[in-house]
């Protein structure tokens with residue numbers, strides 16, 4: 001009997017929670033230019049780090065110029081390692 005009461009109270013609280021949440025969601029104003037937390041993320045190009053070969057968003061990448069090409073790296077250390085290895089390969 002106590003278990004049935006407990007389950008009933010839990011179900012009642014859950015229903016009240018869902019109703020209150022739906023009510024509060026209706027009151028939110030959707031302003032243009034402001035993204036909500038559950039909004040779909042904007043698409044962004046991924047670039048490959050030529051040193052460690054991982055893909056990172058272009059906006060978060062460390063950029064370096066190699067001649068007329070722009071190379072993208074996951075970190076300054078990867079950039080330095082790559083430039084050093086290219087210099088070593090060119091010196092052979």
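We did not get these values from a lab; they are worked out from the coordinates using the rules stated. Note that the structure is predicted; figures quoted are calculated from it, not measured. Don't worry about glycine lacking a Cβ; one is built from the backbone with ideal geometry, like all the others, and counts go over all protein chains shown.
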Expected unfolding gain across residue 10-residue 53 under the 0.36 nm per residue rule, minus the alpha-carbon gap, is 10.4 nm
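Determine, for each peptide in 78-84, 17-23, the mean count of other beta carbons within 10 angstrom over its residues, then list the peptides with the highest first. Could you put the intermediate results ahead of the total?
Values: 78-84: 16.3, 17-23: 9.6.
Ranked from most to least packed, the peptides come out as 78-84, 17-23.
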Here the Kirkwood hydrodynamic radius of segment 46-90, Cα-based and in Å, equals 10.5 Å
